[in-house]
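This report concerns only the one structure given below.
The values are calculated or read from the model by the stated rules, or taken from the named source; none is laboratory data. Note that this is a predicted model, so its numbers are computed, not measured. As a convention, Cβ positions derive from the backbone with ideal geometry for all residues, glycine included, and neighbour counts pool all protein chains shown. Just so you know, the surface numbers come from the protein's heavy atoms only, side chains and all, with ligands and any DNA or RNA stripped out. Shrake-Rupley method; radii C 1.70, N 1.55, O 1.52, S 1.80 Å.
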Amino acid sequence: MWQLLQIELYKIFRRPRTYIAFGATAALITLMQFGLKVDGQEYADFMLQSLGSFDVQGKLLNGYMVCYILLQLLLVHVPLLVTLIAADMISGEANLGTLRLLLSKPYSRTSIILAKFFATCIYTLLLLIWVAILALFVSIFVFGTGDLFLMKTEYIVLIKQNDVFWRYCCAFGFAFVALITVASVGFFLSAFAENSIGPIVATMSIIILFTVLGTLNLPVFQTINPYLFTTHMVIWKEFFDEKVNVNNEAIAGSIQDMPQIIHSLIILSIYIIGLITATVWVMRKKDILS
Amino acid sequence: MQSIVEVKNLSKHYKNISAVDKLSFTVYEGDVYGFLGQNGAGKSTTIRMLLTLIQPTEGSINLFGLKLNAYRKEILQSIGAIIEKPDVYKYLSAYNNLKLFARMSGAHRTEKELLQQLDMVGLKERAHDKVHTFSQGMKQRLGIAIALIHNPRLIILDEPTNGLDPQGIADIRNLILHLSREMKKTLLVSSHLLNEMEQVATRLLIIDKGKKLVEGTTAELFDPSQILIELETLNNAEAFKLITNSNWQSALQPKRNNSLVLKIHRNIIPDFHVWLVQHNIKILSLQSRHSLEDYFLQVTSGEQHVAAFAN
């Protein structure tokens with residue numbers, strides 16, 4: 001298995017397509033950081049307008065806040081970039097004609113498919129680390145640190161500077177599981193196709209469809225919302241919500257709704273395990289005609 | 001002789017179509033086993049079943065004396081194959097493709113060994129060039145290098161000459177002969193090029209619509225020294241009458257395309273030619289046909305009682 005995994009990683013990182021996602025995220029993050037550096041104060045003032053006479057002391061637009069703004073946008077788009085690789089893992093080999101060569105080698109199909117999946121996971125992890133370096137560490141370097149000021153729908157959250165970093169670590173960990181779920185969808189669809197366009201488009205369509213269903217406040221869709229993986233992908237934000245004590249003071253190091261996070265992780269894990277088991281089953285039964 | 005491939009009653013059905021139907025055949029050690037059939041005859045499906053790419057509907061496959069479904073890993077370690085097209089990773093170099101597939105086949109080769117392998121197929125100079133810059137012939141040669149890198153006992157080549165120029169076809173023919181005669185490998189080769197197969201195969205299997213038509217050594221199936229010739233004259237009716245009233249009568253075969261067809265020994269073709277001239281027959285053309293090609297056409301069009309040849 002280890003040897004197969006090494007081979008799969010070698011193939012992924014020798015393909016120029018692999019680096020599109022790294023380049024695209026770097027360009028996007030740099031552009032947004034530049035924009036916030038130039039016009040960030042106006043953005044912060046705009047945010048504070050709705051609060052009326054609210055006295056803010058210290059640096060509102062710091063690295064932590066910039067990172068939060070970036071993640072809100074990126075964790076919608078990064079899944080699409082992960083799809084480019086995941087949905088190509090099996091169908092791309094079928095298209096190249098190498099799948100038949102690969103599956104006639106002395107390894108079980110289960111080992112080959114799992115090696116491909118684990119390689120996709122490692123790719124996703126590296127992409128996420130790349131995003132973390134650019135969005136968090138570069139933002140801290142450029143904008144400095146400070147308390148994290150967040151405006152939720154109905155209330156404001158102010159997290160102390162020394163209580164923020166671990167929340168980002170947890171949020172990135174959660175985002176990893178969410179991205180693997182997306183990768184699993186692409187990977188599963190990849191088993192049915194003989195070129196990667198179909199599964200890539202199908203995966204993106206599913207993400208868009210599920211997201212739209214999740215945002216429509218119609219009772220007919222609300223019954224299925226809890227089962228859509230896209231509903232649970234945004235739960236990373238829960239790491240940035242604190243509990244308060246009886247005096248309405250934030251409790252440092254606390255998380256407001258930990259059961260929701262655990263519930264979402266379980267739902268996403270069920271998706272991952274179910275989709276990968278199904279992919280292995282399909283590939284074990286499949287006649288290779290490509 | 002030890003059997004390397006033993007297939008019994010192998011079938012593959014797709015809904016209403018039988019791609020392979022109760023096919024049985026045996027490849028012995030040292031054979032260059034020619035696997036012939038028209039397009040859609042079931043050759044590739046059979047080869048894919050040998051390589052576990054397609055699950056048979058029924059039947060058994062034994063390789064090296066082991067059941068394929070029970071000893072898949074051990075068996076596939078001893079097989080090198082090119083299946084239809086020699087597709088490799090186009091974004092990698094020839095050297096890196098070879099290294100990657102050597103590892104996947106369980107063979108760890110040194111740089112020197114890998115370059116030697118590429119040298120054997122004439123690709124050493126292009127070892128570090130990306131495969132997307134290669135011609136079809138070069139990809140085919142790389143495919144052969146990959147198929148051989150782990151020193152397999154059985155080599156399966158599915159249409160190895162597809163898309164090759166005459167020089168490339170000749171190179172493949174010489175390589176097959178080298179592998180068989182010098183390296184004592186067993187080869188199962190499917191091809192459309194019957195004249196090429198005639199030059200390399202020691203045993204043949206002809207299938208049609210998934211069913212076996214004939215199997216045997218080339219000597220059992222036909223005599224390569226017996227040549228079919230097509231004769232066209234200014235007056236074919238007169239020539240036909242002359243031949244039917246002569247000793248050449250027994251050589252006459254059914255007519256094709258208004259030409260007279262005769263099956264005679266290669267050595268007496270000049271005598272026949274002289275005899276025609278002496279009898280004032282105006283010859284327009286006298287062409288020899290490949291005997292395997294003719295035999296194949298006879299067998300696949302059902303002109304011959306195949307049972308007499310079948311094992």
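Looking at chain A, which longest stretch skips every one of the GluC sites (Glu not before Pro) that is in a DSSP loop with at most 11 other Cβ atoms within 10 Å, leaving the sites themselves out?
A:1-153
Carbon and sulfur together cover what percent of the accessible area of region B:1-53 at a 1.4 Å probe radius?
45
Please state, rounded to one decimal and in Å, the Kirkwood hydrodynamic radius that region A:16-285 gives when every pair of distinct Cα atoms enters the mean of 1/r.
For region A:16-285, inverting the mean 1/r across all distinct Cα pairs yields 20.3 Å.
Return a whole-number percent for the relative contact order of region A:16-285, with Cα pairs under 8 Å and 6 or more residues apart as the contact set.
24
Just the accessible area for residue B:8, please: 1.4 Å probe, Å², rounded to the nearest 10?
110
Measure off, as a whole percent, the carbon and sulfur share of the 1.4 Å-probe accessible area of region B:93-228, all protein chains present.
The value for region B:93-228 is 47 percent carbon and sulfur by accessible area.
Taking amide H positions as placed in the peptide plane 1.01 Å from N, state which residues far from residue B:20 in sequence (5 or more) or on other chains have amide H under 5 Å from it.
Amide H to amide H, under 5 Å and 5 or more residues apart or across chains, residue B:20 pairs with B:12.
If you roll a 1.4 Å probe over region A:63-112 with all protein chains in place, what percent of the accessible area is carbon or sulfur?
Ligands and nucleic acids excluded, carbon and sulfur reach 63 percent.
With springs only between Cα atoms under 10 Å apart, run a GNM on chain A and tell me which of A:165, A:22, A:192 wobbles the most.
Among A:165, A:22, A:192, the largest mean-square fluctuation in the Gaussian network model of chain A belongs to A:165.
Rounded to a whole number of µm²/s, how large is the Stokes-Einstein D of the protein assembly as shown at 10 °C and 1.306 mPa s, given Rh as the Kirkwood radius over C-alpha pairs?
55
Once phi is turned into ³J(HN,Hα) by the Karplus curve 6.51 cos²θ - 1.76 cosθ + 1.60 with θ = phi - 60°, what whole-Hz value does each residue of region A:280-290 show in order, with x for glycine and proline?
Values per residue, Gly and Pro as x: 4, 4, 4, 5, 5, 8, 6, 7, 8, 10, 6 Hz.
Working only with C-alpha atoms, what are the Rg and Dmax values of region B:69-122, expressed in angstrom?
12.6, 38
Over the Cα atoms of chain B, compute the convex hull volume and normalise it per residue, giving Å³.
Roughly 161 Å³ of hull volume per residue.
So what is the diffusion coefficient of region A:86-170 in µm² per second by Stokes-Einstein at 25 °C and 0.890 mPa s, using a Kirkwood Rh over Cα pairs?
Using the Kirkwood radius from Cα pairs, D works out to 147 µm²/s.
Indicate the residues belonging to region A:104-124 that lose 10 Å² or more of solvent-accessible heavy-atom surface (probe 1.4 Å) upon moving from the chain alone to the assembly of all protein chains, ignoring ligands and nucleic acids.
So the qualifying set is A:104, A:105, A:106, A:107, A:109.
Out of residues 5 or more away from residue B:207 or on other chains, whose amide H comes under 5 Å of its own, with H placed 1.01 Å from N in the peptide plane?
For residue B:207, whose amide H was placed from the backbone, the distant partners under 5 Å are B:36, B:37, B:213.
Let me have the 222 nm mean residue ellipticity of the protein assembly as shown computed from DSSP H runs of 4+ only, each contributing -39500 (n - 2.57), with the sum over all residues rounded to the nearest 500.
Result for the protein assembly as shown: -15500 deg cm²/dmol, rounded to the nearest 500.
So who's got an amide H within less than 5 Å of the one on residue B:32, skipping anything under 5 residues away but keeping other chains? H placed 1.01 Å off N, in plane.
Result for residue B:32 returns B:187, B:202, B:203.
Any idea of the accessible area per residue across chain B, 1.4 Å probe, to the nearest Å²?
Accessible area per residue: 47 Å².
Once B and A are treated as a pair rather than alone, how much accessible area drops out, both sides summed, in Å² to 100, probe 1.4 Å?
That pair hides around 2700 Å² of surface in total.
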